[in-house]
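Read through the structure below, which is laid out as structure tokens, and then see the notes.
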């Protein structure tokens with residue numbers, strides 16, 4: 001039974017936002033190479049239509065990024081799945097830091113997979129909306145903060161996992177410093193049009209940098225709004 005099956009029809013979805021639509025999305029993700037059953041199960045249950053504007057709800061289960069206002073997007077479901085899968089591949093982190101809350105969808109997916117999610121968002125309006133969605137869904141293991149994401153959340157460090165949902169030209173040392181010695185970081189890196197999804201993980205007493213696939217993300221910006 002879905003974790004959200006006892007909530008209102010609006011939350012569960014009807015027609016193009018129904019459970020059947022989520023099932024079809026998961027089938028597409030499997031067909032496109034997503035293998036982690038834990039990730040697929042969470043995305044099968046989580047109502048993505050609640051994380052987009054009402055006018056776009058009927059497109060929520062397309063495998064595409066969608067605008068969420070403030071020049072930001074909710075990531076393509078395949079990318080959310082791939083980043084989550086990459087984070088969990090070598091073990092399940094207990095505490096994860098997300099940089100760039102945005103709509104809250106990636107944080108909500110992670111909340112179904114790990115013990116605690118800490119998420120930082122620089123745009124206050126987006127964070128308010130995300131917090132409202134978390135409350136509506138009864139998600140209690142997400143802590144959020146309005147701040148410059150490039151700074152991370154040092155007072156809560158170290159983290160077993162770090163996920164970035166915006167791309168910097170290079171990985172921020174401040175974030176790498178907040179990663180536990182055995183932790184995993186997954187992030188898009190590079191300029192627009194030449195971004196790669198990168199994973200940093202422990203290997204033979206050092207940190208191994210792996211390039212996973214090409215991606216396209218909004219830029220990682222400093223400051224708060």
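Out of everything in the range 69-81 that is outside any loop (DSSP other than H, G, I, E, B) and within 10 Å of the chain's Cα centre (by Cα), what residue ends up being farthest from residue 36 (Cα to Cα)? Even if it seems obvious, please write down each step before you answer.
We begin by selecting, within the range 69-81, every residue outside any loop (DSSP other than H, G, I, E, B); these are 69, 72-74, 77-81.
Remaining after also requiring within 10 Å of the chain's Cα centre (by Cα): 74, 77, 79-81.
Details: 74: 21, 77: 14, 79: 13, 80: 12, 81: 9 Å.
So the residue we want is 74.
Output the number of the condition that residue 81 fails; it satisfies all remaining conditions of (1) crowded, with 19+ Cβ neighbours inside 10 Å; (2) in contact (Cβ under 8 Å) with a residue 60 or more places away in the chain; (3) within 21 Å of residue 184 (Cβ to Cβ).
Only one criterion in (1) crowded, with 19+ Cβ neighbours inside 10 Å; (2) in contact (Cβ under 8 Å) with a residue 60 or more places away in the chain; (3) within 21 Å of residue 184 (Cβ to Cβ) is unmet by residue 81, namely (2).
Condition first: in a loop (DSSP other than H, G, I, E, B) and closer than 30 Å to residue 11 by Cβ. Now tell me which residues in the range 139-156 satisfy that.
Going residue by residue through the range 139-156, those that are in a loop (DSSP other than H, G, I, E, B) are 139-141, 147-148, 152-153.
Result: 139, 140, 141, 147, 153.
Scan the range 188-207 and give yes if some residue there is within 19 Å of the chain's Cα centre (by Cα) and closer than 30 Å to residue 13 by Cα, otherwise no. If you could, list the steps in order and put the result at the bottom.
From the range 188-207, those within 19 Å of the chain's Cα centre (by Cα) are 188-190, 195-201; that's our starting set.
Next, from what is left, pick out any that are closer than 30 Å to residue 13 by Cα: none.
Within the range 188-207 (the criterion being within 19 Å of the chain's Cα centre (by Cα) and closer than 30 Å to residue 13 by Cα), the answer is no, since none of the residues qualifies.
So if I check each of 87, 97, which one is assigned to a helix (DSSP H, G or I) and under 23 Å from residue 174 (Cα atoms)?
Values: 97 fails: assigned to a helix (DSSP H, G or I).
Being assigned to a helix (DSSP H, G or I) and under 23 Å from residue 174 (Cα atoms) holds for just one of 87, 97, which is 87.
In this structure, is residue 163 in contact (Cβ under 8 Å) with a residue 60 or more places away in the chain and within 15 Å of residue 93 (Cα to Cα)?
Details: in contact (Cβ under 8 Å) with a residue 60 or more places away in the chain: yes; within 15 Å of residue 93 (Cα to Cα): yes.
The answer is yes for residue 163.
Of everything in the range 186-204, what is at pLDDT below 95 and assigned to a strand (DSSP E or B)? Give them in sequence order.
Answer for the range 186-204, where residues must be at pLDDT below 95 and assigned to a strand (DSSP E or B): 202, 203.
Which condition number in (1) buried (at least 16 other Cβ atoms within 10 Å of the Cβ); (2) under 16 Å from the mean Cα position of the chain (by Cα) is the one that residue 178 fails?
Unmet for residue 178, out of (1) buried (at least 16 other Cβ atoms within 10 Å of the Cβ); (2) under 16 Å from the mean Cα position of the chain (by Cα): (2).
I'd like the full set of residues that are in contact with a strand residue (DSSP E or B) (Cβ under 6 Å, 6 or more places away or on another chain) and surrounded by 16 or more Cβ atoms within 10 Å (Cβ to Cβ), limited to the range 52-78.
Hits for the range 52-78 are 52, 65, 66, 68, 73, 74.
Within the range 29-52, is even one residue part of a loop (DSSP other than H, G, I, E, B) and under 25 Å from residue 223 (Cβ atoms)? Lay out the reasoning, then the answer.
Within the range 29-52, the first condition is being part of a loop (DSSP other than H, G, I, E, B), and the residues that meet it are 32-36, 46-47, 52.
Checking which are under 25 Å from residue 223 (Cβ atoms) leaves us with none.
No; the residues of the range 29-52 include none that is part of a loop (DSSP other than H, G, I, E, B) and under 25 Å from residue 223 (Cβ atoms).
Results for (1) in contact with a strand residue (DSSP E or B) (Cβ under 9 Å, 6 or more places away or on another chain); (2) under 16 Å from residue 220 (Cα atoms); (3) in a helix (DSSP H, G or I), shown as yes or no for each residue.
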site: 83; (1), (2), (3): yes, no, yes
site: 101; (1), (2), (3): yes, yes, no
site: 113; (1), (2), (3): yes, no, no
site: 118; (1), (2), (3): yes, no, no
site: 129; (1), (2), (3): yes, no, yes
site: 136; (1), (2), (3): no, no, yes
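Would you check if residue 56 is without any contact (Cβ under 8 Å) to a residue 24 or more places away in the chain, under 21 Å from residue 101 (Cβ atoms) and not in a loop (DSSP other than H, G, I, E, B)?
Values: without any contact (Cβ under 8 Å) to a residue 24 or more places away in the chain: yes; under 21 Å from residue 101 (Cβ atoms): yes; not in a loop (DSSP other than H, G, I, E, B): yes.
Considered against the rule, which asks whether it is without any contact (Cβ under 8 Å) to a residue 24 or more places away in the chain, under 21 Å from residue 101 (Cβ atoms) and not in a loop (DSSP other than H, G, I, E, B), residue 56 comes out as yes.
The values are calculated or read from the model by the stated rules, or taken from the named source; none is laboratory data. Predicted, not measured: the structure shown is a model, and the values here were computed from it. Glycine gets a Cβ as well: all are built from the backbone with ideal geometry, and neighbour counts include every protein chain shown.
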